Structure formats: structure tokens, C-alpha cells
Amino acid sequence: MPSDSRPSQPYSSFLDVEALQSGLDNPDWAIVDVRFRLGDPEAGGAAYRSSHVPGAVYAHLDRDLSGPIRPGQTGRHPLPSVTDLASTLSAWGIDEHTQVVAYDDVGGAFAARLWWQLRQLGHEAVAVLDGGWQAWTTAGGRTSSGEEQRASRIFTPRPLVDRIVDADAVMAALQAGGRVLDARGADRYRGENESIDPVAGHIPGAGNLPFAGNLGSDGYVLPPAQLEARFRSTLEGTSAEDLIVYCGSGVTAAHNLLAMVHAGLPLARLYAGSWSEWITDPARPVAVGAAPGHMDPDSGEHPGNRTSS
């Protein structure tokens, strides 16, 4: 049975170490470790088993938060089916009464994926730990080792079907003058440095707003007012709700969606297949260099960009 010790207002974007410490022993709080390395997919699980926030379960980006890859049809991290993800969330002890807290060690780049998936399934009580694993250990937070499990619950999905778009919808939005933003680092956007996907460049007409710019040099999220100004400066007449974001495979773009919500803006739309899906069809156009008349709002040269997916 759920307890009555949930916060009166759920945490729904970022929360700090002190807030997590206060809820650490609450059975209605589910903590999920989402540490991951693109170049070493098992490194995150090994780090979790070595040391993690007490009570945390582990989410593997490839196995738990992604569906099967279909060569020539999907990107690198296609979404799992709603049924499969709901089953996973249920096994982690998450239901409508649960406050979920996700964390990683790269500024929320991977934790934001779980945040977005829960929000897209209608669960608003989900937040990312500001400063991540480093903030927790720096503050002297308790740790555990090995693998942990929570008692299962029943997660009932209530999908927000209009928050996911496909490649055709991206093309239609651009033709109608809508705004599409690429969350990858500026060098990958311009096609100057592509070490992950077989084709370099970006979707023609898309702007560039690297997700790493949502963080300060200390690795903590920028203040909401600063984030709001950052995003509004790039909307160019498009409403925040109609904005479409993408990245390499639909993972780190969620960080921009998270930052927008933290800034008090509505949940924008995600092109979940992102660049790695876009390039599976050779008929889709590809652009390189900066968009005509477009100036990157920041350089994107933050360590988090090296994890951009």
C-alpha cells in the first residue's frame, strides 16, 4: 500500500541532493540509476553494482529504455513498446503513487531519457537529480553496492500521443515554418565531427541548441529564468509547445525537454528516431555547416557533449 508521506507537490523536473536525502527511506520514492557509456554499454551497470544511491534500481539504456533496432528502419535507440516499458516500470515498483528520481554521472544526459519516457506515459512525478552522482557523493550521501530490487507495483500508462513525432512530421513542420532544434554538439550539427553515425550533418532547416548548454560549468542545471531565456531566444515565433527537438538517437534531446519544463515552459515534442533514424532513408535531405543566418547560441563545448546520443 502506498504511504501518505509523498510531497504535496511532486518533483517534476530537477531536484537537489537535500530533497533526495529527505525522501531516501520513503517507500513511495523509486530511485533509478541510469549511468551509461555509449562506447562501453556495460560500464554503467558495473559502476552501479560497485556503488549507488541506497535503494536504487539500475536502468540499462539499451535493454530497458530502448526497443529492438531494425536495421535500415530505426535509429540507434528506438523507443520500447508502451507495453514493454510499462512492464519494466512495474517491475521497478513504480505506479501512480510513486515519486521517481533518476540520476547519472553526465549531467542528466541519460537520466533525462527515463524522465521523458515517464512524462510521455502520463507520469509527472519524476525528476532528475541535479548534479547527479557526483553531487550525491560530494555531499557525503550514503551508498550501497550490489543489485537491489523494489517490490513490484502496477504501472498504468496514459500516453501523450501528440508529444512524439516521426520524420514526416518533422519535414511537414519545417515546410510550414515551424522550429526544429538539434540537441547535439555544434561540431556534430555542422558535420565536422561525426564518430557515432555513418552520415554527418543535420536535418536541413533545423537549428542547433546543444543540450550541454543547459548546465553550468559546475555540472549543475542553470537557473530557470536563464533556461527560459535560452530557449525563447531560439523559438523564432514557434510556440514552445510546438517545438520539435532531436539529437543523435532520441536520448540527449530529452535533456532539452527537461530543461524547458524546469524553466516553466510546456513539454515540447520529440522526434524520437532522431538523426540516426533520419539517415536510414537516403531520400531524406542532409545539410552540413551552420544554417544560413543561424548563429549557435553557445558553443556546446561542454564535457557532456561527448556523450551526445
Exercise for the section: With θ set to phi - 60°, apply the Karplus curve 6.51 cos²θ - 1.76 cosθ + 1.60 along segment 272-284 and write out the HN-Hα couplings as whole Hz, x wherever there is a Gly or Pro. Expected result: 5, x, 6, 4, 5, 7, 3, 7, 6, 10, x, 7, 7
Practice task
Using only the alpha carbons of segment 161-307, determine the length spanned along each of the three principal axes and report them from longest to shortest in whole angstroms.
Solution key: 41, 31, 29
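Grab the other residues whose beta carbon is less than 10 angstrom from that of residue 178, score K and R as +1, D and E as -1, and report the net.
Details: positive: 179, 269; negative: 236, 242.
Once all neighbours under 10 Å are counted, the net charge is 0.
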Completion exercise
In terms of the charge dipole of the chain, which places +1 on Lys and Arg and -1 on Asp and Glu at the beta carbon, the residue among 59, 46, 191 farthest towards the positive end is 191
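What percent antiparallel are the DSSP beta bridges of the chain, to the nearest 5? List each step's numbers first, then the result.
Details: 3 of 24 bridges.
If I count the DSSP bridges inside the chain, around 10 percent turn out antiparallel.
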Practice task
Could you sort 19-25, 253-259, 96-102 so that the peptide with the highest average Cβ count within 10 Å comes first and the rest follow in order?
Solution key: 253-259, 96-102, 19-25
Fill in the blank from the handout: Between residue 14 and residues 5 or more places away or on another chain, the pairs with built amide H atoms under 5 Å apart involve 128
Practice task
Name the residues whose placed amide hydrogens come within less than 5 Å of the amide hydrogen of residue 67, ignoring near sequence neighbours (fewer than 5 apart) on the same chain.
Solution key: 79
Fill in the blank from the handout: Asserting the computed 222 nm helical MRE of the chain (DSSP H runs at least 4 long, -39500 (n - 2.57) per run, divided by residue count, to nearest 500) equals -7000 deg cm²/dmol
Fill in the blank from the handout: In debye to the nearest 20, the charge dipole size for the chain, taken about the Cα centre with +1 at each Lys and Arg Cβ and -1 at each Asp and Glu Cβ, equals 260 debye
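The numbers here are math on the coordinates, done by the rules we state, and not lab data. Everything numeric here is computed off the predicted structure, so don't read it as measured data. All Cβ positions, even for glycine, are placed from backbone atoms using ideal geometry, and neighbour counts span all protein chains on display.
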